[in-house]
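What follows is a set of notes on a single structure, which appears directly below.
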């Protein structure tokens with residue numbers, strides 16, 4: 001079941017959902033709007049290797065916006081830091097963003113119980129489009145879970161994205177391979 005606006009507010013009051021900064025104006029009937037943070041990143045190399053640490057260069061989005069181009073891949077980040085301790089969060093793009101030809105995630109739209117961080121966005125565009133920091137970029141939807149969680153994401157020794165960051169975080173797939 002998807003949480004309603006009143007249930008999201010109840011869970012925030014209980015501390016099982018944290019959204020910072022939080023604005024009541026961003027709460028929809030069953031979702032919460034998140035915004036594009038001030039940083040984007042691009043991989044330094046054109047060819048990426050899943051066994052290697054592929055480094056990124058970060059770009060601060062200027063006040064006049066930043067032009068994104070097709071055939072390029074960008075990592076973005078949400079302005080909002082979130083914590084989810086009893087629900088499964090899903091991040092979806094807003095329909096207004098989709099209608100501009102912007103995709104905000106290639107595969108990673110689902111979070112885990114215990115995810116505590118900003119959300120890294122996997123951004124691609126269909127045609128050139130200018131984006132701005134703090135623009136609405138997506139919406140979080142929270143699902144109830146059934147059963148007891150054995151190990152939450154923030155307690156897993158194999159969790160790779162637990163270090164709090166205001167900048168986009170590159171792939172840590174390389175940590176899955178033995179050294």
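We did not get these values from a lab; they are worked out from the coordinates using the rules stated. Only a predicted model underlies this, so the values are computations on that prediction, with no experimental measurement involved. In this analysis, Cβ positions are derived from the backbone assuming ideal geometry, glycine residues included, and neighbour counts consider all displayed protein chains.
The table that follows gives values for the structure above.
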read-out: Residue 71 versus residue 59: modelled label distance in nm, points set 7 Å from Cα along the beta carbon direction; value: 1.5 nm
read-out: Relative contact order (percent, whole number), the chain, Cα cutoff 8 Å, 6+ residue spacing; value: 30 percent
read-out: Principal axis dimensions, largest first and in whole angstrom, of the range 1-80 by Cα; value: 46, 36, 20
read-out: Contact order normalised by residue count of the range 8-93, Cα under 8 Å, 6+ apart, percent; value: 42 percent
read-out: Förster-model FRET efficiency, 25 Å R0, residue 145 and residue 99, C-beta, rounded to 0.05; value: 0.20
read-out: Pairwise label distance in nanometres, residue 30 with residue 46, each label 7 Å out on the Cα-Cβ vector; value: 4.6 nm
read-out: For the range 99-179, convex hull volume per residue from C-alpha positions, Å³; value: 146 Å³
read-out: Share of alpha-carbon pairs per 10 Å distance bin for the range 37-134, given as whole %; value: 14, 44, 33, 8
read-out: Between the range 30-69 and the range 110-153, the alpha-carbon center distance in angstrom; value: 15 Å
read-out: Kirkwood Rh in Å, taken over all unlike Cα pairs in the chain; value: 17.1 Å
